[in-house]
Amino acid sequence: MLSFAHEAKVMICKSGVAAGVTAIEDATIVDMQGYDSVAFIAILGADTASTAGVSLSAICGNDAALADGVEKTAKAEYTAGSDTDADGKALVLDVIRPGTRYVRAKMTRATANAEVLAIAAVLYQGNAVPGAA
């Protein structure tokens with residue numbers, strides 16, 4: 001029987017980032033070896049202002065430092081409707097079979113302040129039991 005705890009590997013790629021409008025481009029690079037897919041989950045904080053626009057995308061490449069990285073066109077996007085609308089919301093971007101070994105989450109924050117509590121990666125569809133994170 002499949003079990004999330006035994007079939008997936010979960011890791012934090014980026015811990016809290018204060019509210020701002022700058023892009024978050026320095027999340028940990030995820031090594032996809034042994035897995036077919038990864039879901040990135042970005043958790044928004046309480047300091048996300050009204051009309052804050054955020055998007056979550058993935059940079060993919062075969063170089064361990066992502067020197068050859070290319071941003072995928074698919075994105076998870078959200079715009080807050082009020083000052084408390086985004087509190088505790090999560091953006092999820094599912095990257096299914098990226099075709100590369102390395103993947104990094106990229107969070108773009110535009111138009112207003114947006115706090116990010118964390119960005120996590122869930123690697124799944126593995127061909128072996130995951131190792132320790």
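A short reminder: the numbers here are calculations on the coordinates, not readings from a lab. Bear in mind the structure is a predicted one, so any value in this text is a computation, not a measurement. Virtual Cβ from ideal backbone geometry, glycine too; neighbours counted across all protein chains shown.
Descriptive notes on the structure:
- Matching the structure-derived Cα Rg over 2.2 N^0.38 Å against the labelled list (1) 1.15; (2) 1.06; (3) 1.02 gives the label (2).
- Distance between the modelled labels on THR51 and ASP83, one decimal in nanometres: 1.5 nm (7 Å Cα→Cβ projection).
- Dipole orientation for the chain: of the candidates PHE40, GLN125, SER55, GLN125 has the Cα lying most toward the positive pole (charges on Cβ; Lys, Arg +1; Asp, Glu -1).
- The relative contact order of segment 4-96, computed from alpha carbon pairs under 8 Å that lie at least 6 residues apart in sequence, is 33 percent.
- The average projected area of segment 1-64, computed from the convex hull of its Cα atoms over all directions, is 6.2 nm².
- Sorting 54-62, 19-27 by their mean Cβ neighbour count within 10 Å, with the most densely packed peptide first, gives 54-62, 19-27.
- DSSP bridge pairs, the chain: antiparallel proportion in percent, nearest 5: 100
- Note on ASN62 and MET11: the extension gain reaches 16.4 nm, defined as 0.36 nm multiplied by sequence separation minus the Cα-Cα distance.
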